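What follows is a short report on a single structure.
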Amino acid sequence: MASVERNSGQKRSLTHKNEKCVGCGICADICPTESIRLGPVLPIARGLVKMDYINLNKDKCALCGLCASACPFDALEFKIDDKNIKELEAYPKWEHEAEINAEDCVYCGHCVKVCPKDAIYLNKTMPLREDLVRGEAEIDESKCIYCGICEDICPAEAITIESNDINSSNQSIAKGINIDESKCVYCGLCKRVCPEDAVKIVCATCMYQDEIKKTEIIGDIVLNEEDCIKCGWCQEVCPKDAATVIKPFEGEIYLREDFECKGDSCHACQDVCPCNAVTIVEGKSTINPDLCVLCGACAKACPQKGVVIKREKINMNNIRSKSWKDKISTLMDGNA
């Protein structure tokens with residue numbers, strides 16, 4: 001964690017949080033005093049070098065706060081008299097956001113599985129099994145020949161045969177067979193396939209299914225805004241359209257037509273992408289624009305400069321200073 005601090009009438013401090021930084025270099029691109037230098041992003045991302053993604057020159061930094069305002073990942077924190085400028089009315093505000101509507105959520109957990117920053121938490125309470133499925137299951141071991149057909153076919157993996165260690169003094173194949181009724185769904189498959197009619201299954205649920213109340217799955221879905229990078233994965237995979245995301249930038253990303261991607265032998269873009277938006281397909285990089293935040297980390301990491309990023313809109317408001325507006329608008333000029 002690097003920081004710059006000065007106290008001259010006003011206490012000003014700038015802190016870089018490397019754990020939130022993605023090495024996109026946006027801060028370095030717009031710094032008016034060129035006080036920020038981007039480090040070797042790719043080796044850092046690969047864990048080959050232990051250092052911060054950026055270096056702050058304390059002597060050159062004017063402590064203006066522009067870098068902290070422009071960072072879409074909150075990796076830079078700028079304070080005036082111990083108050084974060086994000087809380088002050090005079091400073092720009094990002095309009096990017098992510099939200100999961102709990103009323104529409106069915107607690108499937110898809111968003112939790114795909115979130116590249118583990119920013120989504122799901123607590124789910126399932127109904128008790130005995131409230132859904134009831135019955136009786138029994139195996140007559142005097143008839144059972146331990147053929148294993150019931151064990152193989154059971155969809156709930158509720159049947160287990162206890163096998164013996166077979167040797168010349170013990171030629172018995174098995175010493176027992178059990179049905180775990182905490183798993184059994186009383187479907188009757190085992191009964192139907194048993195060649196010796198050794199299985200007894202009675203499904204009470206089947207007989208009284210109309211009397212069983214509809215059960216509900218309840219839970220809580222929490223999106224941690226501190227860790228979220230607004231990549232859009234949750235929105236893309238949600239089967240109920242419960243997740244909505246507004247990204248920091250709007251625009252396009254693509255590979256140059258004359259670019260010969262090295263794919264598997266390089267994969268620099270894939271290694272630095274904070275959104276898991278890059279996949280190597282048939283030996284070439286494929287970037288999914290629906291999952292990209294146009295941060296530019298991949299463009300800066302590509303050794304052949306083959307990635308083109310064109311930002312058309314920055315979702316930020318309340319930029320009151322013309323000089324700041326001019327600087328921030330340079331993020332839309334040319335390739336990132």
Q) Is there any pair linking a residue in the stretch 1-24 that is more than 15 Å from residue 69 (Cβ to Cβ) and touching a residue at least 60 places away in the same chain (Cβ under 8 Å) to one that is in a loop (DSSP other than H, G, I, E, B) and of a type in the set (Ser, Thr, Tyr), with Cβ under 8 Å and at least six apart or on different chains, and which? A) 22/53; 23/53
Q) So, of the residues in the stretch 159-172 that are of a type outside the set (D, E, K, R) and in contact with a strand residue (DSSP E or B) (Cβ under 6 Å, 6 or more places away or on another chain), which turns out to be nearest to residue 201 (Cα to Cα)? A) 159
Q) Given the structure, is residue 80 surrounded by 16 or more Cβ atoms within 10 Å (Cβ to Cβ), of a type in the set (A, V, I, L, M, F, W, C), out of contact with any His (no Cβ under 7 Å at 6 or more places or on another chain) and more than 15 Å from residue 222 (Cα to Cα)? A) yes
Q: Test each condition in (1) open to solvent by less than 70 Å² (accessible area, probe 1.4 Å); (2) in contact with a Lys or Arg (Cβ under 9 Å, 6 or more places away or on another chain); (3) at pLDDT below 90 for residue 131 and report the one that comes out false.
A: (1)
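Is it the case that some residue within the stretch 243-256 is among the charged types (D, E, K, R) and farther than 20 Å from residue 310 by Cα?
no
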Q) Name the residues in the stretch 51-68 that are within 25 Å of the chain's Cα centre (by Cα) and farther than 21 Å from residue 8 by Cβ, would you? A) 51, 52, 53, 54
(Q) Go through the stretch 268-288 and report how many residues are more than 16 Å from the chain's Cα centre (by Cα) and surrounded by fewer than 22 Cβ atoms within 10 Å (Cβ to Cβ). (A) 7
(Q) Can you find, within the stretch 36-50, the residue that is surrounded by the most Cβ atoms within 10 Å (Cβ to Cβ) among those that are within 24 Å of the chain's Cα centre (by Cα) and touching a residue at least 12 places away in the same chain (Cβ under 8 Å)? (A) 41
**Q.** In the stretch 88-139, the residues that are part of a strand (DSSP E or B) and more than 30 Å from the chain's Cα centre (by Cα)
**A.** 135, 136, 137, 138, 139
Q: Residue by residue through the stretch 319-336, note down the ones that are within 28 Å of residue 90 (Cα to Cα) and open to solvent by 50 Å² or more (accessible area, probe 1.4 Å).
A: 320, 322, 323, 325, 326, 327, 330, 332, 333
**Q.** One residue from 313, 305, 300 being more than 30 Å from residue 88 (Cβ to Cβ), open to solvent by 60 Å² or more (accessible area, probe 1.4 Å) and of a type outside the set (S, T, N, Q)
**A.** 305
Q. Within the stretch 105-128, which residues are open to solvent by less than 70 Å² (accessible area, probe 1.4 Å) and in contact (Cβ under 8 Å) with a residue 12 or more places away in the chain?
A. 105, 107, 108, 109, 111, 114, 115, 116, 119, 120, 122, 127
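Residues are listed down the side, and each one gets a yes or a no for (1) farther than 17 Å from residue 324 by Cβ; (2) touching a residue at least 40 places away in the same chain (Cβ under 8 Å); (3) of a type in the set (S, T, N, Q):
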residue	(1), (2), (3)
67	no, yes, no
77	yes, yes, no
86	no, no, no
99	yes, yes, no
Q. In the stretch 140-154, how many are part of a loop (DSSP other than H, G, I, E, B) and either open to solvent by 80 Å² or more (accessible area, probe 1.4 Å) or polar (S, T, N, Q) (or both)?
A. 4
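The values are calculated or read from the model by the stated rules, or taken from the named source; none is laboratory data. Treat the numbers as computed from the prediction; the structure is a model and nothing was measured. Every residue, glycine among them, receives a Cβ derived from its backbone with ideal geometry; neighbour counts consider all protein chains shown. For accessibility, only protein heavy atoms count, side chains too; no ligands or nucleic acids. Shrake-Rupley method; radii C 1.70, N 1.55, O 1.52, S 1.80 Å.
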